Amino acid sequence: MLKTLIHKFRKVKKSPRHEESRRIEQYINAYHTFLNGGGEITVDCLENIHRVTSSSLHRGAATDDIMVSAFLYSALRLPGCLDRVNRVVIGPNEHVFRTDGYEDINSWESAPARARRRKALFNGSETLAVFTSSISDIDDLVPALCAYQIEWNKMHQRLNRSVLGQNLKSGCITASAIGDALKTTLSISSADYEMLAEVWGDRWDKKIAAIASAPKNFRVKMLSADHSEYKRKVQKWWCDLLEYFHDAGIEQRPLYLVSSNTHSLANLISGFAYRYRHALVDHALENDTEGLYRQWKWLRDEDEKAKLNFYYYAQRAFVESDPQLSKIQRDMEEKAGLRRFGHDHFLDQETQIIDLSRIPSDCIDTRLDRSNLNILKRSRALILNIDYPLGFSAYHIMSRVAREAKDLRGVYIMGKSASMIGRVGDIMIPSEIRDEHTQNRYIFKNCFSVRNLVGYLRDVAVFDDQRSVSVRGTFLHSWDSIKHLHRDDFTGIEMEAGPYLSALYEYIHAQPPPRESEVRIKPT
């Protein structure tokens with residue numbers, strides 16, 4: 001989490017690059033070169049270089065063993081229809097698709113991924129259209145396709161050599177009917193087998209039959225390599241945002257930019273979860289698929305403040321159970337000064353504005369300090385909260401907001417990070433970011449520390465003054481590079497902090513950031 005604009009950047013001496021990143025750079029250069037050529041490529045031409053990068057998420061890529069974790073990681077970040085896809089077409093907007101002959105693109109069915117917010121459309125037969133918002137979508141998509149294909153083909157080869165596989169292919173048997181025999185043929189553990197079955201759910205039989213039927217060799221084409229398209233896309237998104245909130249005067253009011261999720265701030269100010277706490281707890285316990293009863297058993301005799309995080313977690317499933325509840329929740333948010341701008345035609349990015357003067361004192365989270373709420377009543381400021389973007393799209397969004405806002409008071413960045421220390425759910429507060437896009441090391445004084453947060457947390461650790469690396473993509477760091485980073489006291493891996501800092505440098509200095517440099521951020 002970073003507070004800026006009360007800081008300035010100063011370029012100092014260059015920092016060396018780790019030698020083991022060379023293979024990652026070769027991989028990135030290879031698929032960008034192939035795709036920028038304008039023709040259609042097949043993913044098999046990237047498989048060898050993918051294997052030798054020794055990605056930390058795909059360590060067994062070069063072995064015959066089926067890496068179910070890498071396959072599922074990819075599958076969850078790619079559309080669920082991928083088993084029916086043979087061609088992937090990539091572009092920034094509908095215009096480039098129509099220009100390339102996909103004139104009926106608007107009639108294609110939506111093809112969401114469970115763990116990625118990226119617009120994709122499926123024509124119902126074999127072609128998937130993927131819409132990109134920055135270069136990071138390419139760096140995320142292509143290695144995921146490669147990992148998915150490598151592991152799919154490993155499974156196909158094992159099934160193809162067996163009678164069981166031939167019977168699956170012909171439809172004589174189904175995967176759900178054979179259980180242990182399928183697990184044995186694939187040589188995967190019970191845990192891996194159960195994960196596959198859980199993720200694929202009611203499509204389990206069809207997906208296993210598809211794997212048995214044929215290997216994969218995706219054909220991929222990028223329709224536009226013009227990076228200025230991304231800037232234009234964000235510019236159009238910003239114009240739509242201003243039009244939607246035309247009565248708020250966003251450009252003329254003091255603005256605090258927050259990059260977060262779409263529920264954290266809403267939870268703190270709307271009062272919805274607390275008002276419906278009894279009903280949502282009942283719903284959570286009656287429909288418990290995540291072991292929530294055990295957690296509630298520990299909490300139920302605690303005071304209400306200790307239970308708030310449980311309420312916030314449980315409210316999502318509660319709201320989804322009844323459309324009327326969603327309407328009530330939105331009404332309560334609007335009364336608290338929070339308004340939502342949904343997924344735009346140009347950018348698949350939910351955005352919120354919060355009018356600080358309208359935050360009600362009787363609804364905010366009771367753990368927060370209410371002593372200065374009267375000051376907010378006189379405030380003209382807005383919070384602009386962006387559902388955290390993927391990778392370099394953060395640069396484009398931050399650049400646009402900083403350019404257009406007349407009075408930007410602060411920037412707060414929150415997001416997910418893979419951590420080399422601690423446990424799942426722990427909080428990392430960095431004071432140094434190594435950015436793999438620019439090879440810069442951004443060093444700064446974070447406005448948050450353990451002292452600011454420790455009073456609000458239970459069973460969660462906070463680590464401040466940490467060093468993190470902003471990678472190009474989740475597959476684009478090797479196990480060796482992680483070991484080197486850990487030896488250099490880097491403890492977090494994420495994708496957005498570096499691009500955000502690069503955009504801020506450009507805003508403050510009216511020029512692109514340096515490259516391969518240390519850039520210190522010092523208070524003014």
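I'm trying to understand the selection: among the residues of region 373-399, which are of a type outside the set (Ser, Thr, Tyr), surrounded by fewer than 20 Cβ atoms within 10 Å (Cβ to Cβ) and either in contact with a Ser or Thr (Cβ under 8 Å, 6 or more places away or on another chain) or modelled with pLDDT of 95 or more (or both)?
Leu373, Leu376, Lys377, Arg378, Arg380, Ala381, Asp387, listed by residue number.
One line per residue, one yes/no per condition, for (1) basic (Lys, Arg); (2) under 18 Å from Ala75 (Cβ atoms); (3) in a loop (DSSP other than H, G, I, E, B); (4) at pLDDT 95 or above:
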site	(1), (2), (3), (4)
Arg118	yes, yes, yes, no
Gly124	no, no, yes, yes
Ile138	no, no, no, yes
Pro143	no, yes, no, yes
Cys146	no, yes, no, yes
Lys154	yes, yes, no, yes
Leu159	no, yes, no, yes
Gln166	no, no, no, yes
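Go through (1) of a type in the set (A, V, I, L, M, F, W, C); (2) at pLDDT below 95; (3) farther than 30 Å from Tyr293 by Cα; (4) surrounded by 13 or more Cβ atoms within 10 Å (Cβ to Cβ) and name the single condition Ala197 misses.
(3)
Are there any helices (runs of 4 or more DSSP H) wholly within region 213-280 with 1 or more residues that are among the aromatic types (Phe, Trp, Tyr) and surrounded by fewer than 21 Cβ atoms within 10 Å (Cβ to Cβ), and if so which?
Qualifying helices (runs of 4 or more DSSP H): 228-244, 272-275.
Testing Ser481 on (1) crowded, with 22+ Cβ neighbours inside 10 Å; (2) of a type outside the set (Lys, Arg); (3) modelled with pLDDT of 95 or more, one condition comes back false. Which one is that?
Status for Ser481: all satisfied but (3).
Can you tell me which residue in region 113-129 is surrounded by the most Cβ atoms within 10 Å (Cβ to Cβ), limited to those that are more than 16 Å from the chain's Cα centre (by Cα) and in contact (Cβ under 8 Å) with a residue 40 or more places away in the chain?
Step one: filter region 113-129 for residues more than 16 Å from the chain's Cα centre (by Cα), giving 121-129.
Right, trim to in contact (Cβ under 8 Å) with a residue 40 or more places away in the chain and you get 122, 125-129.
Working: Phe122: 19, Ser125: 9, Glu126: 13, Thr127: 18, Leu128: 24, Ala129: 22.
For region 113-129, the residue satisfying everything is Leu128.
Could you check region 456-484 and list, in sequence order, the residues that are more than 21 Å from Val142 (Cβ to Cβ) and touching a His at 6+ places or on another chain (Cβ under 7 Å)?
His484
On the basis of being crowded, with 16+ Cβ neighbours inside 10 Å and modelled with pLDDT under 95, does Leu347 make the cut?
yes
When the residues of region 61-71 are narrowed to those that are assigned to a loop (DSSP other than H, G, I, E, B) and of a type outside the set (Asp, Glu), which ends up surrounded by the fewest Cβ atoms within 10 Å (Cβ to Cβ)?
Ranking the candidates gives Thr63 first.
Restrict the check to region 475-482 and report whether at least one residue is free of Cβ contacts under 8 Å to residues at least 12 places away in the same chain and not hydrophobic (A, V, I, L, M, F, W, C).
Checked against the condition, which is being free of Cβ contacts under 8 Å to residues at least 12 places away in the same chain and not hydrophobic (A, V, I, L, M, F, W, C), region 475-482 yields no hits at all.
I'd like to verify a number: residues in region 176-189 that are surrounded by fewer than 23 Cβ atoms within 10 Å (Cβ to Cβ) and either part of a helix (DSSP H, G or I) or in contact with a Leu (Cβ under 7 Å, 6 or more places away or on another chain) (or both), how many?
Number satisfying all stated conditions: 9.
With respect to Tyr293, determine if the residue is closer than 14 Å to Ile269 by Cα, part of a helix (DSSP H, G or I) and of a type in the set (Ser, Thr, Tyr). Spell out how you get there, then give the answer.
Working: closer than 14 Å to Ile269 by Cα: no; part of a helix (DSSP H, G or I): yes; of a type in the set (Ser, Thr, Tyr): yes.
Considered against the rule, which asks whether it is closer than 14 Å to Ile269 by Cα, part of a helix (DSSP H, G or I) and of a type in the set (Ser, Thr, Tyr), Tyr293 comes out as no.
Does Val450 satisfy being within 30 Å of Ala306 (Cβ to Cβ) and without any contact (Cβ under 8 Å) to a residue 24 or more places away in the chain?
Working: within 30 Å of Ala306 (Cβ to Cβ): yes; without any contact (Cβ under 8 Å) to a residue 24 or more places away in the chain: yes.
The answer is yes for Val450.
Can you give me the number of residues within region 94-112 that are surrounded by fewer than 21 Cβ atoms within 10 Å (Cβ to Cβ) and either touching a residue at least 60 places away in the same chain (Cβ under 8 Å) or assigned to a strand (DSSP E or B) (or both)?
Residues in region 94-112 being surrounded by fewer than 21 Cβ atoms within 10 Å (Cβ to Cβ) and either touching a residue at least 60 places away in the same chain (Cβ under 8 Å) or assigned to a strand (DSSP E or B) (or both): 5 in total.
Scanning region 491-516 for residues that are out of contact with any Leu (no Cβ under 8 Å at 6 or more places or on another chain) and charged (D, E, K, R), which turns out farthest from Val234 (Cα to Cα)?
Residue satisfying both the conditions and the ranking: Glu516.
If the Cβ limit is 6 Å and pairs must be 6+ apart or interchain, which residue in region 330-343 that is at negative phi and of a type outside the set (Asp, Glu) pairs with which residue that is part of a strand (DSSP E or B) and at pLDDT 95 or above?
Sorted first by the residue in region 330-343, then by its partner, the pairs are Leu338/Gln352; Leu338/Ile354; Arg339/Ile353; Arg340/Gln352; Phe341/Thr351.
Closer than 22 Å to Leu57 by Cα, at pLDDT 90 or above and either of a type in the set (S, T, N, Q) or touching a helix residue (DSSP H, G or I) at 6+ places or on another chain (Cβ under 9 Å) (or both), is that true of Ile493? Steps first, please.
Details: closer than 22 Å to Leu57 by Cα: yes; at pLDDT 90 or above: yes; either of a type in the set (S, T, N, Q) or touching a helix residue (DSSP H, G or I) at 6+ places or on another chain (Cβ under 9 Å) (or both): yes.
It is true that Ile493 is closer than 22 Å to Leu57 by Cα, at pLDDT 90 or above and either of a type in the set (S, T, N, Q) or touching a helix residue (DSSP H, G or I) at 6+ places or on another chain (Cβ under 9 Å) (or both).
Tell me, which residue of region 302-341 that is among the aliphatic types (A, V, I, L, M) and within 24 Å of the chain's Cα centre (by Cα) is nearest to Ile359 (Cα to Cα)?
Leu338
Please go through region 72-93 and give me each residue that is within 14 Å of Arg118 (Cβ to Cβ), in a loop (DSSP other than H, G, I, E, B) and of a type in the set (A, V, I, L, M), ordered by number.
Leu78 - this is the single residue of region 72-93 that is within 14 Å of Arg118 (Cβ to Cβ), in a loop (DSSP other than H, G, I, E, B) and of a type in the set (A, V, I, L, M).
Is there any pair linking a residue in region 145-161 that is small (Gly, Ala, Ser) to one that is assigned to a helix (DSSP H, G or I), with Cβ under 8 Å and at least six apart or on different chains, and which?
Ala147/His50; Ala147/Ala70; Ala147/Phe71; Ala147/Tyr73; Ala147/Ser74
Show the residue pairs meeting these rules: Cβ distance below 9 Å; 6+ apart or different chains; first residue within region 257-278 and within 15 Å of Asp331 (Cβ to Cβ) and in contact (Cβ under 8 Å) with a residue 24 or more places away in the chain; second residue buried (at least 20 other Cβ atoms within 10 Å of the Cβ) and of a type in the set (Phe, Trp, Tyr).
Ala266/Phe272; Ala273/Tyr311; Ala273/Phe318; Tyr276/Tyr311; Tyr276/Phe318
Return a yes/no flag: does region 267-287 have any residue that is among the aromatic types (Phe, Trp, Tyr), more than 21 Å from the chain's Cα centre (by Cα) and over 29 Å from Ala336 (Cα atoms).
No, every residue in region 267-287 fails to be among the aromatic types (Phe, Trp, Tyr), more than 21 Å from the chain's Cα centre (by Cα) and over 29 Å from Ala336 (Cα atoms).
Tell me, which strands (runs of 3 or more DSSP E) wholly within region 363-444 include 3 or more residues that are farther than 24 Å from Phe475 by Cβ and within 24 Å of the chain's Cα centre (by Cα)?
382-387, 408-413, 427-435
Has region 148-169 got at least one residue that is closer than 30 Å to Thr438 by Cβ and surrounded by 23 or more Cβ atoms within 10 Å (Cβ to Cβ)?
Just the residues of region 148-169 that are closer than 30 Å to Thr438 by Cβ, to begin with: 148.
If we keep only those that are surrounded by 23 or more Cβ atoms within 10 Å (Cβ to Cβ) as well, we get 148.
Yes - at least one qualifying residue is present in region 148-169.
The values are calculated or read from the model by the stated rules, or taken from the named source; none is laboratory data. Keep in mind that this is a model prediction, so the values were computed, not measured. Positions of Cβ are backbone-derived with ideal geometry, glycine not excepted, and every protein chain shown enters the neighbour counts.
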